[in-house]
Structures are given as structure tokens and as C-alpha cells.
Amino acid sequence: MSAQRQLAPGDEVSFLNEVGGGMVLANVGRDRVKVRTHDGFELVYPVNELVPNSCDPSRAVSDHHARLRASNDRLAERIQRDKGRGASPENSGRAHQAVEDPAVMVVDLHLNKLVEDERALSDGEKLSFQLDYFERRLNAAIRERKRRVIVIHGVGEGVLREEVRKALQFYQGVRFDDADPRRYGHGATAVEILHY
């Protein structure tokens, strides 16, 4: 090499014969420079053992900035995924969580939630089991002075829905109608309990 490469203070360099790199702090003579390594040590290296990093130092990204960018990317993904449920930068990309109202009881009558093996039951036994469970939960809601009961019966053929509504007709002080389909779908009934 006839002429040594010129390195100036502030240049980022990598080491030719070892792992790592650092930033040039000062020139020490014609062919040596003082470098602060990425580990924080200040060492003198021959210029011919250093490789200037070709990237623009103004575009260099520290580990801290890389973590911030990754965090912002995750936030943007979360907002994109949950934007229909109210996620925004203001709430850190968190969708609104449904707050359980203590005055509302949700009763899910899907058989797989109530028994381990529904194959052992006939269709009549399944319906009877679901209705018995529903009435027990409704009576508990009345005793506990709940305002509303949401009965999730599913859509299906509508047999369970009709049986639930028939049973509700025998209770005084209750009103019922379809539950909010945006929240519970089309397979739920909302029961309002009127306490006198």
C-alpha cells in the first residue's frame, strides 16, 4: 500500500483481524488512530488493521434506537390487527377489553361447555340437561339480584332457543329479547330481571 487510508475522528470502523469495531477518536501519528471500541475501551490501532464502515454515520442506528423502532413496529402491527376494536396509538394499541359488569351473568348453554362427553346422551337428554342448567343459573341470578342474564344458546335449528323462551314465560318479573348481535352473535337471548 503506497498511501494509508485517511480516517477522521468520528468515523465508524470495523476491525480487520478481530470481531467488533468502534469509533475513531483521534489520529496518533501518520498510521495509527485511537479507537473507542463498542465495548467502551480506548485503544490505538494501526490504520491498515481497520476497515471504515461504508454506511453513512448519520444513518447509523444504535441498539437503543433499534429497540425503539422494533417496539414501534409491534405497536403498529397491534393497532392494525385490533383497529376495529378501538386500538389506537393513544391507548398503546390495546383494544378495549370488555369490562365484566357484576350485575350481568352470562350463561353459555353449549353442551361442550357443560359435559365432558356429550356422545353418551340422547338428543332429549341433551336438551333436558341444558334446560335444567339454564333454570339453575337463572334462579341463582335472581337470588344474587343480577340485573341481566345473557343466555348463549347458539343458532342451530332454534330448538334450544325456543325452549329457553318458553321457560322464561313462567317467570314473573323478567323480560327477554335477542341479545346484542354485535357482542354475542345471533345465538343469544338477553333476560332483564325486574326486582321490585
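Restricting attention to segment 111-123, and to residues there that are over 19 Å from ILE152 (Cα atoms) and not hydroxyl-bearing (Ser, Thr, Tyr), which single residue is surrounded by the fewest Cβ atoms within 10 Å (Cβ to Cβ)?
ARG119
Would you point out which residue out of ASN72, ASN17, ASN48, ASN27 is assigned to a loop (DSSP other than H, G, I, E, B) and either outside the structural domain of GLY185 (by TED's automatic domain parsing) or modelled with pLDDT under 80 (or both)?
Sole residue among the options that is assigned to a loop (DSSP other than H, G, I, E, B) and either outside the structural domain of GLY185 (by TED's automatic domain parsing) or modelled with pLDDT under 80 (or both): ASN17.
Using the structure shown, decide if ALA66 is over 19 Å from the mean Cα position of the chain (by Cα), at pLDDT below 75, over 30 Å from PHE134 (Cα atoms) and assigned to a helix (DSSP H, G or I).
Answer is yes for this residue.
Working carefully through the options ALA141, ALA188, ALA167, ALA179, find the one that is closer than 23 Å to ASN112 by Cβ, touching a residue at least 12 places away in the same chain (Cβ under 8 Å) and touching a Phe, Trp or Tyr at 6+ places or on another chain (Cβ under 9 Å).
Every option except ALA167 fails the conditions.
The values are calculated or read from the model by the stated rules, or taken from the named source; none is laboratory data. Because the structure is predicted, anything quoted here is derived from the model rather than measured. Positions of Cβ are backbone-derived with ideal geometry, glycine not excepted, and every protein chain shown enters the neighbour counts.
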